[in-house]
């Protein structure tokens with residue numbers, strides 16, 4: 001068991017959300033299907049507060065990272081962008097896949113951020129982006145940053161072109 005685990009509060013969609021996330025990560029290009037799975041499900045008993053037999057907690061794993069989803073009932077709080085999960089993508093194909101799969105029923109945000117159908121925030125990030133944004137040549141880094149700030153889904157090729165100075169004349 002990992003030392004720190006994310007706990008995600010849902011009104012009553014914990015099992016559906018876990019199944020959705022497992023499906024998304026299991027179908028990704030190059031997926032190791034055994035790395036995304038339900039670990040266990042705990043159900044409410046007679047003591048409640050949920051209906052006896054209904055799902056209380058789903059422990060699941062995505063790419064070897066453990067998560068816990070709780071059906072805690074309606075509360076005056078919900079997910080916000082203050083907490084998000086970063087998905088590091090090796091290729092544009094992976095970026096495109098996760099962007100498409102996680103925005104279905106959700107909404108696109110700026111700079112590679114999105115909210116999925118449950119309101120949870122994700123950052124779909126190509127691994128090469130961090131290297132460009134942290135490059136010691138600040139001119140290159142700032143061109144890449146400017147390009148990234150104008151994007152919703154990150155386009156790695158366009159970032160690379162901006163980084164290289166190939167977009168300098170484009171407005």
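Could you tell me how many degrees, from 0 to 90 and to the nearest 10, lie between the Cα long axis of helix 138-149 and the main elongation axis, the longest principal axis, of the Cα atoms of the chain?
50 degrees
In degrees between 0 and 90, to the nearest 10, how far off the longest principal axis of the chain does helix 14-27 point, with axes built from Cα atoms?
In the chain, helix 14-27 runs at an angle near 40 degrees to the longest axis.
Using a Gaussian network model of the chain whose springs link C-alpha atoms within less than 10 Å, name the residue from 125, 42, 68 with the highest mean-square fluctuation.
42
Nearest 10 degrees is fine. How inclined is helix 92-103 to the longest principal axis of the chain, computing both from alpha carbons?
40 degrees
Go through (1) 125; (2) 135; (3) 107 and flag the label whose value is the computed volume of the Cα convex hull per residue in Å³ for this structure.
Of the labelled values, this structure produces (2).
Once you have the Kirkwood Rh of the stretch 79-171 from its Cα pairs, apply Stokes-Einstein at 20 °C and 1.002 mPa s and quote D in µm²/s.
Here the translational diffusion coefficient equals 159 µm²/s.
Quick check on the chain: helices-only [θ] at 222 nm, where DSSP H runs of length 4 and up contribute -39,500 (n - 2.57) each and the sum goes over total residues. Nearest 500, please.
Calculated mean residue ellipticity at 222 nm is -9500 deg cm²/dmol.
Suppose each label sits 7 Å from its Cα in the direction of the beta carbon; what would the residue 23-residue 2 distance come out to in nanometres?
Inter-label distance under the simple model: 2.3 nm.
Return the distance in nm (one decimal) between the two label points of a simple spin-label model at residue 52 and residue 38, each offset 7 Å from Cα along Cα→Cβ.
Result: 2.2 nm between the two label points.
Could you work out the relative contact order of the chain, using alpha carbon pairs under 8 angstrom and six or more residues apart, expressed as a whole percent?
About 17 percent, as a whole number.
Roughly speaking, what is the stretch gain from residue 81 to residue 59, that is 0.36 nm per residue apart minus the C-alpha to C-alpha distance, in nm to one decimal?
Here the answer is 5.7 nm.
Once each part is reduced to its C-alpha centroid, what is the distance from the stretch 14-58 to the stretch 104-171 in angstrom?
The stretch 14-58 and the stretch 104-171 have Cα centres separated by 32 Å.
Kindly state, to the nearest 0.05, the FRET efficiency for residue 66 paired with residue 107, given R0 = 30 Å and r defined as their beta-carbon distance.
With a Förster radius of 30 Å, E is 0.65.
Every read-out reported here was derived from the displayed coordinates using simple, explicitly stated rules and does not represent laboratory data. Please read these numbers as outputs of a predicted model, since none were measured by experiment. Reconstructed Cβ throughout: ideal geometry from the backbone, glycine too, with neighbour counts over all protein chains shown.
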